[in-house]
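Student: Provided herewith is a single structure, encoded as structure tokens, for subsequent inquiry.
The values are calculated or read from the model by the stated rules, or taken from the named source; none is laboratory data. Worth saying up front: this structure is predicted, and the values here are computed from it rather than measured. All Cβ positions, glycine included, derive from the backbone under ideal geometry; neighbour counts span all protein chains shown. These accessible areas exclude ligands, DNA and RNA; they are computed on the full protein's heavy atoms, side chains included. Shrake-Rupley method; radii C 1.70, N 1.55, O 1.52, S 1.80 Å.
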Amino acid sequence: MAAGLGSTQVGFAGPVLASEATSNLNSNQPDIKAIFEQAEKLRTEGKYGAAVNIWRQLMPIIEKNFGIESPTASEALYMIASLLDKSGRTTDAETYYRRHLKLQKKLLGSIHPEVSKALLILSFNLEDQLKYTAAENARREALFIDESLLGSNDLGVATTLTLLAYNLNNQGRYNDAEQVFRRALAIEDLALGQDSQKYATSLNYLAGLLKRQGRLDEADYYYSRSLSTREKLLGPSHPDTATTLNDLTLVKIGRGRHLLAEELLLQSLEIFRKEIGAESQQFANALSNLAVVSNYLGKYAEAEKMLRQSLLINEKNLGPENAGLAATINNLGLLMQELGRYPEAESLLKRSLIINEKNRGPNHPETANSLNNLGVLLSDQGRHAAANLLYRRSLAIESKSSNNDYLRMGSLYANMSREHAIAGQYSEALMLITKSLAMEFTWLTREAPPLPSELRSKFLDQLSQNWQIPFGWIESHPPAAELALNTRLNRQGLLLEIEQRQGLLLNSPGVDQAKVEQLQALTQQLASVSLPPEHRAAARDQRDRLQSELYRQIPELQIQLVTPLEVAKALPADGVLVEFQRYRSWDGRKPKNQRWGEAQYIALVLKPSGSISSMPLGPAAAIEATVHKGLSASAEDLTDAEAVWAQLSNQVLKPLLPQLSGSRQWFLSPDGELNRVPFAALPAPQQPSTPLAKVVQLRLLTTGRELVRLQQPAPPSTAALVMANPSYDRANAKPTPATRPDTDTNGAQRRSAELGSSRWNPLPATQREGQQVASLLGSGLISGAAATTTSLQRQKGPALLHIASHGFFVADSEKEPARPLLALQDQSTLLWPLRGEDPQLRSGLVFAGANQPDADPNDDGYLTAAEAVNLNLKGTQLVVLSACSTGQGDVRTGEGVYGLQRSLTVAGARSTLLSLWKVDDAATAEFMSRFYKRLKAGEGRADALAAVQSEFRSGAVRGPGGEDWSPPYYWAAWQLVGDWRPIQGL
């Protein structure tokens with residue numbers, strides 16, 4: 001019987017045939033009865049060949065006594081066929097099964113339950129011969145009979161549908177199998193309910209079909225439902241429960257959750273060991289899966305030991321050529337390849353291929369996968385011609401499939417692309433990598449949205465790095481620049497866009513609003529500095545589960561690709577877009593462990609005409625060292641800050657002068673550590689003695705894709721809102737004594753807590769600032785005890801939001817920060833509970849009551865970036881955070897800074913003005929007053945910012961005591977990202 005049939009069986013009453021036949025024979029033929037009994041004895045002893053010989057001798061006697069077309073003759077044909085089948089003579093058996101089927105139709109008619117059974121039995125025989133198409137036809141005919149006799153909602157029909165789905169699965173037609181199986185599942189739901197063991201088994205099978213199509217989120221959902229039902233009905237220690245646990249881990253591995261997968265596999269292994277033994281097939285399969293996790297985690301010796309043990313067990317259980325061995329042999333081969341043991345790896349991968357070809361056929365997706373894996377191994381050894389042949393065979397199989405496994409197809413196209421690149425055939429290579437990246441993008445935009453937001457970046461990190469390849473090809477093949485720019489435009493900030501669009505959809509009909517509120521409460525709980533460490537893990541898990549549930553309820557996102565031409569059309573006539581990209585180049589001619597080079601930066605330049613050019617900027621290490629040095633010098637008000645920024649200007653802007661010539665408006669989209677650069681502090685590369693902002697108009701964007709989005713009108717908004725000078729101590733609370741005032745070495749007050757501080761000190765200058773800004777905007781002012789996190793969260797789409805308070809960014813304790821960045825990071829003991837948390841929980845703003853966070857369980861006085869995502873900023877033109885370090889966060893290549901700026905954009909803000917380092921209180925108040933006066937006068941956001949920065953830099957603005965505010969420390973921290981234009985109706 002074909003593999004994968006589960007517990008579904010179709011049987012005949014074959015063994016009773018002998019007694020029925022002999023009872024109808026003439027009494028004067030007693031020897032015939034003895035012959036029947038002898039044949040039956042041989043059958044029960046498993047001597048099928050000898051039994052067949054006797055039945056063949058009996059066949060003429062049966063035909064003579066009962067008739068050639070009698071029911072007894074039909075049953076005798078079935079008995080011979082089944083004995084031939086059991087003796088391994090499947091081709092001979094097929095002949096008798098077909099004779100049996102033909103006679104049944106003649107005796108009973110074409111529409112009869114016994115004819116349906118005969119068709120199904122024949123289909124099993126055909127599958128054993130790998131005649132899947134013929135078997136499929138037999139099952140479809142049986143399905144027609146069952147539906148005609150029983151109706152479309154009978155459990156018998158569900159059984160036949162299930163068998164048809166198994167057949168399609170065995171052919172590798174997973175999508176077709178899924179459609180058929182969902183019909184069977186719907187019948188079982190109606191007839192048995194969703195709490196039945198049968199329904200749980202079917203959910204598990206459906207999940208497997210989805211997993212094999214690369215639809216990991218859906219597979220995760222159905223495996224989890226099956227697991228929940230099996231735990232409820234069978235208990236947590238039942239082998240079937242462990243089987244679902246084992247299957248679920250394959251999805252967790254694919255989604256990057258290796259530690260969770262390891263935990264689940266250890267559970268399932270222990271259940272199998274106790275309940276069915278460590279020599280069982282189930283134990284071996286779980287052991288093989290655990291080895292995959294260990295391999296990923298770098299535990300190579302453990303992985304090899306487990307794979308060999310699993311293989312040994314299953315060879316004993318299944319034999320050396322069973323299809324069930326292919327995956328373990330493949331995984332062992334891949335491990336040997338990883339360890340550089342190529343001869344052994346090749347032997348194993350070839351064996352896996354042979355098993356798949358023999359058991360599944362030459363055109364099965366698993367055969368294609370084996371061909372692809374073997375091709376990669378040969379390529380690693382420099383055997384490129386042979387690898388190419390294998391890739392082409394694999395592609396020929398996959399191209400005929402309807403499964404739409406975008407990730408696997410994308411990987412295959414990428415492998416073929418690399419081979420052409422190694423041969424110097426860049427045109428062909430570019431065509432193939434274009435297909436690969438398109439498929440990967442389609443898969444990514446389907447699989448990433450349902451993931452909990454905290455897991456998405458990890459999920460992205462584990463994907464192939466093929467997207468970097470076009471950037472490294474530009475020098476050898478300039479047409480690659482268009483694909484590189486297209487890749488940059490569509491991948492940069494992708495997770496941000498997903499998060500933003502999901503936030504808008506959480507209020508859609510059909511979304512459980514009670515769970516939305518519960519999610520917001522959990523986010524607030526995790527953001528609390530009062531939450532004990534031992535409770536954080538459970539709260540995170542609960543939040544992640546809620547996010548997954550809610551993201552499945554909202555309409556499916558349709559992420560549209562943008563083209564460089566669309567972005568070019570959105571540029572003003574005197575504009576130019578510069579997309580900076582941090583990447584690693586790939587060279588397939590080098591040894592395997594040296595193929596990915598050191599990180600580099602490159603600039604891609606797009607003109608309004610649609611022309612694309614590029615310029616390599618050199619090693620990332622050198623550029624990032626300058627960035628860190630400049631940030632440290634500026635944040636600490638050192639005298640060499642301007643010289644350091646001049647050095648950076650020479651590194652990243654001067655090489656671009658030929659491409660930027662004639663462009664007045666520079667739209668810059670940074671990547672990596674360039675996100676931290678105060679570009680306004682850089683001198684113009686064409687006029688080193690002149691600030692860049694005086695020579696050109698600077699506009700900063702998260703991604704050039706924003707140019708297209710910002711063409712759409714903003715939603716309606718409400719009046720502007722100003723919040724300033726919160727009372728950090730609650731009424732009637734005993735103030736906590738400060739260990740150190742919030743001042744720098746010169747006595748200037750800063751808007752953040754300092755090292756060792758255990759409280760937030762008042763910022764009196766923010767009261768004056770708030771009053772001035774509110775007066776200019778004609779808006780209300782919320783300050784003092786009223787300036788709470790809760791009051792901000794209640795606002796709905798203010799046209800402009802200005803907040804003057806303390807801000808913070810806490811370094812991840814799991815990572816040692818670069819020494820030059822220490823000046824940018826908050827070292828307050830108040831915030832230590834947030835260290836090691838998600839980056840969105842480690843940056844934020846401080847509001848009223850923060851010095852006594854435990855006093856109000858609903859408002860601890862903090863708004864983290866994770867909570868800021870839930871603000872209603874739809875229609876908000878500009879958010880100004882007049883506080884320290886609000887532009888800080890963890891930098892991730894391709895996604896920018898994980899911090900407040902990202903969260904405010906997700907919440908709906910069209911532009912943000914934030915600080916890159918700790919800022920002076922008095923200087924900031926004056927800076928903001930001047931900035932808003934220019935905004936009110938109709939100047940654009942970016943131009944108003946540049947003008948005020950110029951006033952400070954020139955020395956025209958000084959402190960109340962004549963302090964010099966011209967160094968970058970006082971003005972260069974302010975960074976505007978997003979819409980640069982005037983705010984209408986301000």
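Student: Calculate I(q)/I(0) for the stretch 346-411 by the Debye formula, one identical point scatterer on each C-alpha and no solvent, and give its log10 at q = 0.14, 0.26, 0.27 Å⁻¹ to two decimals.
Tutor: Listed by q, the Debye log ratios stand at -0.37, -1.15, -1.20.
Student: Also: Once amide H atoms are built 1.01 Å from N in the peptide plane, which residues 5 or more positions from Thr718, or in another chain, come under 5 Å H to H?
Tutor: Ala799
Student: For Val919, what residues show an amide H to amide H distance below 5 Å, using hydrogens built from the backbone and excluding near sequence neighbours?
Tutor: Here Arg751, Cys884, Ser885 satisfy the definition.
Student: Between the stretch 580-659 and the stretch 202-226, what is the separation of their alpha carbon centroids in Å?
Tutor: Computed from Cα coordinates, the inter-centre distance equals 44 Å.
Student: Between their Cα atoms, which of Lys131/Lys358; Lys64/Lys106; Lys569/Lys654; Lys64/Lys86; Lys607/Lys936 are more than 23 Å away from each other? Please list the in-between numbers first.
Tutor: Numbers: Lys131/Lys358 12 Å; Lys64/Lys106 18 Å; Lys569/Lys654 26 Å; Lys64/Lys86 27 Å; Lys607/Lys936 32 Å.
Those over the limit are Lys569/Lys654; Lys64/Lys86; Lys607/Lys936.
Student: Sticking with this one: Which whole-Hz couplings ³J(HN,Hα) result when phi for each residue of the stretch 579-593 is put into the Karplus expression 6.51 cos²θ - 1.76 cosθ + 1.60, θ = phi - 60°, listed in order with x for Gly and Pro?
Tutor: 9, 7, 9, 8, 8, 10, 7, 10, 10, x, 7, 8, x, 3, 7
Student: Would you check the accessible area of Ile559, probe 1.4 Å, heavy atoms only, in square angstrom rounded to 10?
Tutor: Counting only protein heavy atoms, the figure is 30 Å².
Student: Give a residue-ordered list of calculated ³J(HN,Hα) values for the stretch 604-611 (Karplus: 6.51 cos²θ - 1.76 cosθ + 1.60, θ = phi - 60°; whole Hz; x for Gly, Pro).
Tutor: For the stretch 604-611, the Karplus curve yields 10, 10, 10, 9, x, 6, x, 6 Hz.
Student: A follow-up question, please. Could you give the angle, 0 to 90 degrees to the nearest 10, between helix 494-505's Cα long axis and the longest principal axis of the Cα atoms of the chain?
Tutor: 90
Student: D for the stretch 842-986, whole µm²/s, Stokes-Einstein with Kirkwood Rh over alpha-carbon pairs at 20 °C and 1.002 mPa s: what number?
Tutor: 132
Student: Give the distance, in whole Å, between the Cα centre of the stretch 244-260 and the Cα centre of the stretch 295-334.
Tutor: When both Cα centres are located, 18 Å separates them.
Student: So, with +1 on the Cβ of K and R and -1 on the Cβ of D and E, and no other charges, what is the size of the charge dipole of the chain about its Cα centre, to the nearest 20 debye?
Tutor: Its charge dipole is roughly 1440 debye.
Student: On to the next question. Once neighbouring chains are kept in place and the probe is 1.4 Å, which whole percent of the accessible area of the chain is contributed by carbon and sulfur? Can you show the working numbers first?
Tutor: On the way: 19600 of 38630 Å².
Of all accessible area on the chain, carbon and sulfur atoms account for 51 percent.
Student: When averaged across all projection directions, what area in nm² does the alpha-carbon convex hull of the stretch 176-219 cover? Don't skip to the answer; put the middle values down first.
Tutor: Numbers: hull surface 11.4 nm².
It is 2.8 nm².
Student: HN-Hα J couplings of the stretch 242-248 from phi, Karplus 6.51/-1.76/1.60, θ = phi - 60°, integer Hz, Gly and Pro as x?
Tutor: 5, 4, 5, 4, 4, 5, 4
Student: As a test of reading the structure, rank Ser783, Ser110 by solvent-accessible area (1.4 Å probe, protein chains only), most first. Write down the numbers at each step before the final one.
Tutor: Values: Ser783 35, Ser110 70 Å².
Per-residue accessible area, sorted high to low, gives Ser110, Ser783.
Student: Pairs of Cα atoms under 8 Å, at least six residues apart: use those to get the relative contact order of the stretch 564-709, whole percent.
Tutor: Numbers: 252 pairs, mean separation 38.4, N = 146.
That works out to 26 percent.
Student: Which Rg and Dmax, in Å, describe the Cα atoms of the stretch 481-575?
Tutor: 18.8, 57
Student: Rounded to the nearest 0.05, what FRET efficiency do Glu963 and Asp461 have when you use their Cβ-Cβ distance and R0 = 60 Å?
Tutor: Values: r = 46 Å, r/R0 = 0.76.
Efficiency computed from Cβ-Cβ geometry: 0.85.
Student: Let me ask something else. From largest to smallest, what semi-axes in whole angstrom does the stretch 169-303 give when each is the square root of 5 times an eigenvalue of its alpha carbon gyration tensor? All intermediate terms of the calculation are to be shown ahead of the outcome.
Tutor: Numbers: eigenvalues 132, 68, 29 Å².
Semi-axis lengths for the stretch 169-303 are 26, 18, 12 Å.
Student: Just to be sure I understand the model, the point goes 7 Å from the Cα along the line to the Cβ. What's the resulting Gln518 to Glu263 distance in nm?
Tutor: 1.9
Student: What is the distance in Å between the Cα centroid of the stretch 671-710 and that of the stretch 407-446?
Tutor: 33
Student: Could you put Met928, Met439 in order of accessible surface area, largest first, with the 1.4 Å probe and the full protein assembly present?
Tutor: On the way: Met928 0, Met439 45 Å².
Per-residue accessible area, sorted high to low, gives Met439, Met928.
Student: What number in nm² do you get for the stretch 564-709 if you take the convex hull of its Cα atoms and divide its surface by four? Walk me through the numbers on the way to the answer.
Tutor: Values: hull surface 39.5 nm².
The directionally averaged projection comes out at 9.9 nm².
Student: In addition: How much of Val677 can a 1.4 Å solvent probe reach, expressed as accessible area in Å² and rounded to 10?
Tutor: So the heavy atoms of Val677 present about 0 Å² to solvent.
Student: Now, a different point. Dividing the Cα radius of gyration by the Kirkwood radius, what Rg/Rh value follows for the stretch 501-556?
Tutor: Details: Rg = 12.3 Å, Rh = 11.9 Å.
Here Rg/Rh amounts to 1.03.
Student: Counting pairs of alpha carbon atoms under 8 Å apart in space and at least six apart in sequence, what relative contact order in percent does the chain give?
Tutor: On the way: 1767 pairs, mean separation 66.9, N = 986.
Relative contact order here is 7 percent.
Student: For the stretch 940-986, what is the convex hull volume of its Cα atoms per residue in Å³?
Tutor: On the way: hull volume 3.6 nm³, N = 47.
Cα-based convex hull of the stretch 940-986, divided per residue, equals 77 Å³.
Student: Take every DSSP beta bridge with both residues inside the chain and express the antiparallel ones as a percent of the total, to the nearest 5.
Tutor: Details: 36 of 64 bridges.
That works out to approximately 55 percent antiparallel.
Student: Across the chain, how large is the tail of the calculated P(r) beyond 37 Å, expressed as a percent of all Cα pairs?
Tutor: Details: 280601 of 485605 pairs.
More than 37 Å apart: 58 percent of the Cα pairs in the chain.
Student: For the charge dipole of the chain, defined by +1 on Lys and Arg C-beta atoms and -1 on Asp and Glu C-beta atoms about the Cα centroid, which residue among Tyr932, Ser717, Ala603 has the Cα displaced farthest towards the positive pole?
Tutor: After comparing all options, I get Ala603.
Student: Right, another one. Note the direction-averaged projected area, equal to a quarter of the hull surface, for the Cα convex hull of the stretch 41-112, in nm². Don't skip to the end; give the middle numbers.
Tutor: Values: hull surface 19.2 nm².
Result: 4.8 nm².
Student: Where in the stretch 256-274 is the amide nitrogen less than 18 Å from a point lying 7 Å along the Cα-to-Cβ axis of Leu297?
Tutor: 256-271
Student: Residues of the stretch 564-709: accessible area per residue at 1.4 Å, in Å²? Mind dumping the intermediate values first?
Tutor: Details: 5450 Å² over 146 residues.
Accessible surface, normalised per residue, equals 37 Å².
Student: Here is a follow-up. Round to the nearest 10 and report in Å² the accessible area of Met416, as given by a 1.4 Å probe over the protein chains' heavy atoms.
Tutor: Number for this one is 10 Å².
Student: Mind checking the per residue accessible area of the stretch 224-298 for me, 1.4 Å probe, whole number of Å²?
Tutor: On the way: 3070 Å² over 75 residues.
Here the per-residue accessible area is 41 Å².
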